[in-house]
Structure formats: C-alpha cells, structure tokens
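Just so you know, all these numbers are worked out from the coordinates, no wet-lab data involved. Just so it is clear, the structure is predicted and the values come from calculations on it, not from any experiment. Reconstructed Cβ throughout: ideal geometry from the backbone, glycine too, with neighbour counts over all protein chains shown.
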Ligand SMILES: Nc1ncnc2c1ncn2[C@@H]1O[C@H](COP(=O)(O)OP(=O)(O)O)[C@@H](O)[C@H]1O
Ligand SMILES: [Mg+2]
C-alpha cells in the first residue's frame, strides 16, 4: 500500500519498505498479519471544484504513532474527516482495521477515538460530565461507567479538576479532557487533528506525554496531524509529508532526514555540516512555491480562531 | 464486537497505570439495536439537565418575558374584556398560550445552537460516535423538550401566582408535559432543519428571529380562532403551535378542546421534523 505514485520524489526511497514493522517502537502491539489500522488508496475528496485530498495513499500500521504532516491547507483535516466517516467516500478508498466506512459506518466509529482540530469539549459541563457523555454514547454499561470515566480522567491527570466546569480549564487541560473523552470507549485507533495547535510549549509537551503514556499502556494506534515538524520528529514512529492533497514522502523521521542528507552529499551540496531537519525534507519534497500555496485565507483564519480559543 | 484489545496493557511500567487503566483497553459491548435510541435520547437529556444545574440564569431571564405578558397584557385585557373567551377570564385564556410561546422560543433557540456546536467541533465529535443521525437529532429534540418543560414549569408557577385557575390533576399535568415536549421537539427540529439549509450562523439567527413572532401571532395563543380573519384562521390551522395551545388549554383549564387531534398533529409534526432535520444533518458535518 505504500507503493507510491511515480511523482513521489527520491527522498521517499526509504519509505517504500512495506515489509515488516520496522518503525513501531512497541513491536508487541502490532498484530502480525492483522489488517492495517488505516489504509487509504487513491483517496480523493473535493469541495466544489477543487480537490482538497487528491489521490492520497496511506497506511497506518497497528500500534504505531503515525504523523500526517503538512502546512495549513494541505488537506490533513479533510483526509481525517474521510477516515472518521464525517465525509462520505466511495467504497474501497478507505479501510479502518479492514472495515470500509462506506459499508459499515457504525462499526468503524466504534473503533475510533476522535479529537477534532477545534477545542470541542462542552464548556458548560464539568470535565467528568464531558467524559461521561462519551461513555454513554459508546454504550458503556452503567455499572462500570463511573470507574471507566475516572480511569480516563486519571490517565490524563485531570482527576483533581474533574468536577470543575470545562470553561475554567486552560487550553492544555481542554486538550487533555478531549483525550479522556476519546479514550473512555477504549478505541483501537486514536485520531488527533492538530492536538497541540495554539498551545504554549509546556502544554504541548504535556499533551504529547499523555498521548505517549496512553499509547504505551493500551497499545492503541495513533494517527495524528500536525504542522509542527519538530513535534513529529520527536514523537512519531513514522510520518507522511502531505502537500496539496497527497503524501509526498513517507518514512520514519530519521529515514527521511538521512535520506536527504545522503542525497545532498551525493550531489556535492554545500557541506555546511548542519544535518537536515524534517522541515528541510519538507521544503525539498514540496519544492518551490510552498510559501505562497501554504494556506489560503480561510485556512489561516480557522487556524487563528482555534489558536485564540486555546490561548 | 468481539475483538480482543489490541495488546495486553503493560500495567506495571506505566505511571498512568498507577490509577489503573484496565477498563480503557476493553471496548464496551454495543447495545442491541432497539435500545440504542432511548439510550441516546437519555444521554442528551441528561446533558441538558446537567447544564441547567450549573447555570440557571437563562431559566430566570427567559421567565421575564412571559411574566410581563401575563402581568401587563393579561391583566389589562382581562379588565377591558375586548376578546371573547367564552366566560374564561382573559388571563386564564392566554396563560396556556404564553406557556406554549416560551417553550417554543426555547426550542427554536436550542435548534439554532446546533450551528454553534458545529462550529465548535462538538457536533463533529458526536457524529463520530456510534449514534445514527436520526438518533442524534431525536436526542437533541427531546433535550430541547426537557429544557422547555422546565421553563414551562416556571411559567405555570408565575401564572398560578397571578391567580390563574389551573388544574393540579397529575394526569392532566402529565398530558401538559407531553404536549410541551412534543411541541418543542418539532420547533427545535424546525430550526435544525433551517440550519441544515442555510448553514450559516448569521443567516440562521435572522431567520430564527423572523419566524418566532409570526408563529406566535399566527396561532390561537392570544385570541380564539373564531375572531380571526379568514386568512389568519388558515395560518393558525397549519401552525402546530395552535394545536399545542389547544391541548394545553383543554388540559390546564378544562375548556373544550380536541385533545385527540391535537396530540395526533403534535406527534406527526415532531416525527416529520426529526425526519427532515436528520436528512439535512449531514450537510452540517461537511
Ligand atoms: N468545508 C469546506 N468547504 C470548502 N473548502 C474546504 C472546506 N474544508 C476545507 N476546505 C479546503 O480544502 C483544502 C484542505 O483543507 P484542510 O483539509 O482543512 O487542510 P489542513 O487540515 O491540512 O490545514 C483547503 O484549501 C481548504 O480551504
Ligand atoms: Mg487542519
């Protein structure tokens, strides 16, 4: 499934190994032979005339933390919304643990925990009530509801703030609360859309540490989007660099960085010593024009709005 | 589903596990088909009650208008006897109309809120839970009903304090509750449907404000159908609010009413509203 279309550049060579779970840190979490957590094949989604997602090929392996990276407007959120059944896609384009959302939306939803890009906790409810609502709508039986909600809140360090209204929470706390809402149904796949957007550096680290702790403890698969390359480099097992609706390079952050370094050396580029960062890789695969195409007015506005709400 | 958890939890190593995380690796068993709808409706209604418990200001501020209607309009028109009500004091006659009006305002505004929930991502998140769209809309409709019902209780108490002779027969009050909830289910779905058509917060606010007063004045809430001009009678006949008011009047005051027809219309209207809003909800998700 990682066999990419021909226009993928050479920086992706390392990514073409679709054999073996090289990347997953927690190898035990992967079910050998089991279906991929997410498989998109030639996914296309258009708003009006323009393709927001334009032939996306993507596989997320069970147990890994996969980062979908790209500038504002790259199509990350649209791709996520296709996977989460929010946008209708034709049969055969998307599979979640082998299930096609076009055939059985409810079965796919039961596998998912979803945290959208906007801050989506209900400000007029307490933290505990927010999580309890999701326990209810995922059919957690009454006798274990309270215990499950308490565990989800504890997993994100919100036990003490649990009975305060969510409108008193800081941005980082709201994100952690949303994580608890997603966790309470024991999803096999956690989907986080820009979980750290607009947060200060300390809150960002906090959110990532909780994501990691939960992943280690439960073995669930994580699909996360971000436009912060440094975070992806640090926390993701594998990343896909997305630009204009398509994944342009795929691999572990180290593979991608080394790939570019090698190539620069081979081409006899400037030996200024600094090893390439993930951002350099991105500039390399996106080519010129990245700056003028990254995000139209609408994208920047919606990103800013989220940032304001968080701040 | 019978899937085993992805991996056995490595309980000992992880700090989060100190509090126990064992339940978070076991997906809950899906509820059987027919029990899903009542469960979702219950979940949405519980949320409304929790919100009301945390913040009752809306309940009080929204009680001001009906109180003024009853106090000023009701008492004045009772005195001048301008409207033929068949012997009932005018304030008694209009009290059920005011109860229905305040419930309708709440319901229409509740439906408008769905656009806020969409913009805030709350709706998207609910749409990614195992909740069919019709169940989500039904849940929202009944949650609006619960909210309206509590508002209606406040207005009933105000009316009683102003000396309106209301029934305290529990069976009749149960009927009142049913009429309020059904009417609110319809009106909240009406604004959710409009939300699904216009898709924008500003336009929806405008339309919401534009329809509430015509719905109110184009009903039998303030005057009996008999005194209306022909065209207004036609409007009133097509207006579910009229049937709600008729039912409330019959139940609360014991005046002659067409309870069978009233409830039939209210049930049909609510069902139609839920169907229309469910069909358009997908547009809000895009
Ligand atoms: N609801 C929508 N209607 C029309 N265009 C949209 C909508 N959502 C996104 N787009 C457009 O699709 C493209 C991809 O957007 P998005 O998936 O949000 O990107 P990202 O999440 O990577 O920032 C952008 O050009 C954006 O303007
Ligand atoms: Mg986005």
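Structure notes:
- Computed over the stretch A:33-310, relative contact order equals 25 percent, with contacts defined as Cα pairs under 8 Å that lie 6+ residues apart.
- Cβ crowding within 10 Å averaged over residues, with A:226-233, B:205-212 ranked highest first: A:226-233, B:205-212
- DSSP bridge orientation in the protein assembly as shown - percent antiparallel, rounded to nearest 5: 50
- Modelled spin labels at residue A:254 and residue B:35, positioned 7 Å past Cα toward Cβ, are 5.0 nm from each other.
- Inter-probe distance in nm under a simple model that places probes 7 Å from Cα toward Cβ, at residue B:201 and residue A:164: 2.5
- Förster radius 56 Å - calculated FRET efficiency between residue B:233 and residue A:202, Cβ distance, rounded to 0.05: 0.25
- The stretch B:37-285: relative contact order in percent, alpha carbon pairs under 8 Å with at least 6 residues between: 28
- Neighbouring partner chain Cβ atoms per residue of A:130-138, average, 10 Å criterion: 6
- Chain lengthening between residue B:213 and residue B:160 when straightened (0.36 nm per residue, less Cα-Cα): 16.6 nm
- In the stretch A:33-310, the DSSP beta bridges split such that about 50 percent are antiparallel, to the nearest 5.
- Förster radius 60 Å - calculated FRET efficiency between residue A:102 and residue B:65, Cβ distance, rounded to 0.05: 0.80
- The mean sequence distance of close C-alpha pairs (under 8 Å, at least 6 residues apart), as a share of the length of the stretch A:146-266, puts its relative contact order at 19 percent.
- Distance between the C-alpha centres of the stretch A:150-165 and the stretch B:67-93: 53 Å, rounded to the whole angstrom.
- Between the stretch A:64-103 and the stretch B:213-272, the alpha-carbon centres lie 48 Å apart.
- Simple spin-label estimate for residue B:173 and residue A:46 in nanometres, 7 Å along Cα-Cβ: 6.1
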